[in-house]
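The next block holds one structure in the form of structure tokens; read it before the comments.
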Amino acid sequence: MTRISKLLAAMTIEEKIGQLSMQALDLAVTGPIVTGNVEERIRSARIGSLLNIWGAEQVQRLQRIAVEETRLKIPLLIGLDVLHGHKMIFPIPLAETAAFDPPLWEASARAAAKEAADDGVTMTFAPMIDIARDPRWGRIAESPGEDPFVGAAYARAKVRGFQGGNGPGGLADAQSLAATAKHFCAYGAVQAGCDYAPADVSERLLHEVYLPPFAAAMAEGCAAVMPAFNNVAGIPMTAHMGLLRGWLRQTQGFNGVIVSDYNAIAELIRHGVAADLAEAAALSLHAGIDVDMMSGAYSEGLRLALDRGLVTLEMIDEAVRRVLTLKECLGLFDDPFARGGAAVASREGRKEHRALARELARRSVVVLANDGILPLWPDLRRLALIGPLADAPAEMLGPWVLAGDRAQATTIREGLAAALPHTEIICEPGCSIAGDDRAGIAAACDASHSADLVILCLGEAAHMSGEAASRADPGLPGVQAELASALFDLGKPAVVLLTSGRPLMIADIAARARALVATWFLGAEAGHAIADVLTGAFNPSGRLPVTWPRHLGQVPIFFSTRPSGRPADPLDRYTSKYLDMPVEPLFYFGHGLSYCRFCLVSLSTGETSVRAGGELLVAVEVSNEGPAAGETTVFLFLRALKARIARPVLELKGFAKIALAAHEKGRVSFKLTGKDFCYLAGDLEPLFEPGEFLLFAGQSADPKGFLSVKMRAVAG
Ligand code: GLC
């Protein structure tokens, strides 16, 4: 009999329900309720896992209660939202996706895992892999952007990083964390971009867009999944039998732990599908949810549900077995104190991690527009650094910074001062991030009169994106637009930096700025990374992971839209377009400028046709026209010219970076298979259908820059 079977056989129903209950402490507040009395509940085996606690000493004190003072000595799971760093904070996920660099994505997760494990954490509620196409939704900041192919690559890299991949001990390694793929699913499709709102998506869109990143996480061996708060077509995800017990567990074969989101099981009552906690508990357990995070539905309602015959003891045992198995895979039964023991590693790692934070941050910066004013010239005499984000350390880290020290971040002012020691830098906020106080605008203008250049540091506060941070009007908050206008009116050359967790609606600003740079929330090394890019110490290579709308009225706008029978034609009234605005976005997915000019010279394929079980080698020749060395990202898109179901106008099938010296040529290669040409037929099963295709290579989804080649998918 295995250790787990022996434990199960020995456990009382109360001890079993205790293993299915997760309780928050108050080192961080990430939900509506925090309750005390945790030690007593551990001692009485009423909880089996904790969240929002870190610090080796405190964690080990609570773990000792669990493994020494309870009857069965079952260790605790310690969960935390380690999303983009633990102590050393990296760029937010949306920003780091702009690096289009899976090894770097994995490295930042590995670094975060080591630091969190040193603090006694055993499980992270990450990666967040919700495809997001609505900038009103604050959690777009936590996402890998708009495209499922990118989302799947991001999911794989993050799961490997957190869980130690095929490293020596994998999940059992004392520096690994159990990863939690979240939020399952279609959370990015909430109505009107309003957090926690319903999401009503078609089965097809679910399978084409929202599920693929989770399939990738499952294939990578992700240990846990967290259902989303929203309902999908009327069924709350926390009770969704079809998607949880069906697609996730049966179709994907996932037998890991499903942990509810914070208080989500009890919220089934507000969703209108449960009358009380017992019914809510029963619905979730039936759907396959093992752990109740903070709602009390399992601890207060599951026994009642059992007595009412709404659930069976076998169902409870199945959930407990999965929880105990995860604890065993993490090595917690063998040594519950392994994590938190090697504090030295994190101190040593901290220096490397700061270098990694800078490397990842500068690769996440996206130069959206530049008339040549960037890079800054080395003998720049006097710089006016204006705006509420110019010297704001607490804002540079962005949302979801639990153990991170907000004072640790280098500000834009500090970064530029270090990079331009001979430049006089005058720094004026001009106004606050939000609010309507205009009193500082005059001082900002006065400070700029004698400057050779103005750099405007505009954007959002860290709390304006992330959870519960939807914005109906995602432009520049407060009176920042007025500040910018006043500075533009001075007639000085002006560069605009945008600190934000989302694409901001800034078409007016873009029209007047000499250069426009998306700096997102870049983490601890924000200031140095931004200075590296602005001075040319690092040639920018970031590319947009989301389409940047010209106006909110275009949303949702994304490159893989389906064709219209009347595609937009400015010369033909009766076509799909607006009367008052172009249909094109302000900036396309994949857009981003470098300080050198890259050209795609040729696109070639070994064959002109591909079979269902065949492969296709694709080569793209790239040249760097100079003047500097740099890196570009090449995207490979597919367009099916005909299918039984109308397919998107562009499907992303690959992305790859290439570094080239000035005037050097190089080649990027892709290997496609017949699978890449498949689509989901009427039954939502993959179908390889003979027909004609176009392959496009581009440095973004802007069709003006495409190279193309015609292909045929052939039977047999
Ligand atoms: C929050 C978030 C989720 C997070 C959890 C624990 O409500 O929705 O992403 O992991 O609670 O903090």
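Every read-out reported here was derived from the displayed coordinates using simple, explicitly stated rules and does not represent laboratory data. Predicted model only: the values in this text are computed from it and were never measured. Cβ coordinates were reconstructed from backbone atoms using ideal geometry, including for glycine residues, and neighbour counts include every protein chain displayed.
Percent relative contact order of segment 38-180, based on C-alpha pairs within less than 8 angstrom and at least six residues apart?
24
Where does each of 492-503, 3-14, 69-80 land if you order them by average Cβ count within 10 Å, highest first?
Taking the mean over residues of other Cβ atoms within 10 Å, the ranking is 492-503, 69-80, 3-14.
Explain nothing, just compute: Karplus ³J(HN,Hα) = 6.51 cos²θ - 1.76 cosθ + 1.60, θ = phi - 60°, for every residue of segment 131-138 in order, whole Hz, x for Gly and Pro.
5, 10, 9, 10, x, 6, 7, x
For the chain, what relative contact order do you get, as a whole percent, if you take Cα pairs closer than 8 Å and at least 6 residues apart?
Across the chain, relative contact order equals 13 percent.
State the answer as a single residue: which of VAL291, MET315, ALA281 lies farthest towards the positive end of the charge dipole of segment 281-337, with beta carbon charges of +1 for Lys and Arg and -1 for Asp and Glu, about the Cα centre.
Most positive-ward Cα: ALA281.
Starting from the Cα coordinates of segment 246-371, work out the convex hull volume and express it per residue in Å³.
204
Given charges of +1 on the Cβ of Lys and Arg and -1 on the Cβ of Asp and Glu, with all other atoms neutral, how large is the dipole of segment 359-483 about its Cα centre, in debye to the nearest 20?
Dipole magnitude for segment 359-483 comes out near 240 debye.
For Cα pairs less than 8 Å apart in space and 6+ apart in sequence, what is the mean separation divided by the residue count of segment 235-310, i.e. the relative contact order in percent?
Averaging sequence separation for qualifying contacts and normalising by length gives 36 percent for segment 235-310.
Give the distance, in whole Å, between the Cα centre of segment 216-280 and the Cα centre of segment 399-459.
44
Could you work out the Rg to Rh ratio of segment 115-263, with Rh taken as the Kirkwood radius (inverse of the mean 1/r over all Cα pairs)?
For segment 115-263, the value is 0.96.
Using the Karplus curve 6.51 cos²θ - 1.76 cosθ + 1.60 with θ = phi - 60°, work out ³J(HN,Hα) for each residue of segment 62-73 in order, rounded to whole Hz, and write x for Gly and Pro.
6, 5, 5, 4, 5, 9, 10, 10, 10, 5, 9, 6
What is the sum of charges, Lys and Arg at +1 and Asp and Glu at -1, for the other residues whose Cβ falls under 10 Å from the Cβ of THR499?
Around THR499, the charge tally is -2.
So between ASP572 and GLU68, what do we pick up on full extension, going 0.36 nm a residue minus the alpha carbon distance?
Stretched fully, the ASP572-GLU68 segment lengthens by 173.7 nm.
In whole angstrom, note down how far apart the Cα centers of segment 305-329 and segment 469-516 are.
For segment 305-329 versus segment 469-516, the Cα centre distance is 53 Å.
Sorted from largest down, what three extents in whole angstroms do the Cα atoms of segment 181-332 have along their principal axes?
Computed over segment 181-332, the largest-to-smallest principal extents equal 39, 38, 22 Å.
Please label the shape of segment 385-521 as rounded, prolate or oblate, based on the square roots a ≥ b ≥ c of the eigenvalues of the alpha-carbon gyration tensor (a/c under 1.5 means rounded; beyond that, a/b larger than b/c means prolate, else oblate).
oblate
Count the net charge of all other residues whose Cβ sits under 14 Å from the Cβ of ALA662, scoring Lys and Arg as +1 and Asp and Glu as -1.
Result for the local shell: -1.
Can you tally the net charge around VAL273? Count Lys and Arg as +1, Asp and Glu as -1, for every other residue whose Cβ sits under 14 Å from the Cβ of VAL273.
-2
For segment 564-716, what class follows from the C-alpha gyration tensor (a ≥ b ≥ c being the square roots of its eigenvalues): rounded when a/c is under 1.5, otherwise prolate if a/b is larger than b/c, else oblate?
Judged from the Cα gyration tensor, segment 564-716 comes out oblate (a/c at least 1.5, b/c at or above a/b).
Specify the inter-centroid distance of segment 648-666 and segment 282-296, based on alpha-carbon positions, in whole Å.
Computed from Cα coordinates, the inter-centre distance equals 45 Å.
May I ask you to list the residues of segment 297-313 whose amide nitrogen lies under 19 Å from a point 7 Å from Cα along the Cα→beta-carbon direction of ALA275?
Once the point is set 7 Å along Cα→Cβ of ALA275, 297-298, 300-312 turn out to lie under 19 Å by backbone N, inside segment 297-313.
Over segment 495-573, consider all pairs of different Cα atoms and compute the Kirkwood hydrodynamic radius from their mean reciprocal separation; express it in Å, one decimal.
Hydrodynamic radius (Kirkwood, Cα pairs) of segment 495-573 is 15.2 Å.
Per residue of segment 112-125, in order, report the coupling 6.51 cos²θ - 1.76 cosθ + 1.60 (Karplus, θ = phi - 60°) as ³J(HN,Hα) in whole Hz, putting x for Gly and Pro.
Computed from phi, the couplings for segment 112-125 are 5, 4, 4, 5, 5, 4, 5, 9, x, 6, 10, 8, 10, 8 Hz.
Once the principal axes of the Cα atoms of the chain are found, what is the range along each, listed largest first in whole angstroms?
Its Cα atoms span 76, 65, 47 Å along the three principal axes.
Just list whichever of LYS114/LYS158; LYS577/LYS657; LYS6/LYS327; LYS577/LYS653 have alpha carbons separated by over 22 Å in the model shown.
Violating the 22 Å Cα-Cα cut-off are LYS577/LYS657; LYS577/LYS653.
Which listed residue (GLY565, GLY331, GLY398) has the Cα farthest towards the positive end of the charge dipole for the chain, taking +1 on Lys and Arg C-beta and -1 on Asp and Glu C-beta about the Cα centre?
GLY565
What's the extension gain from LEU304 to ASP405 if we count 0.36 nm per residue and subtract their Cα-Cα distance?
That pair, LEU304 and ASP405, stretches by 32.0 nm at full extension.
So if each residue of separation counts as 0.36 nm, and I subtract the Cα-Cα distance between ALA394 and ARG43, what length gain in nm does that give?
Extra length available between ALA394 and ARG43 comes to 122.5 nm.
Once you sort the root eigenvalues of the Cα gyration tensor of segment 243-301 as a ≥ b ≥ c, which label holds: rounded (a/c under 1.5), prolate (a/b larger than b/c) or oblate (the other case)?
prolate
What distance in nm separates the two pseudo spin-label positions at SER450 and PHE337, each 7 Å out from Cα along the beta-carbon direction?
So the label points at SER450 and PHE337 sit 6.4 nm apart.
Return the FRET efficiency for the residue pair ARG512, LYS671: r is the Cβ-Cβ distance, R0 is 41 Å, and the value is rounded to the nearest 0.05.
So, using R0 = 41 Å, E works out to roughly 0.35.
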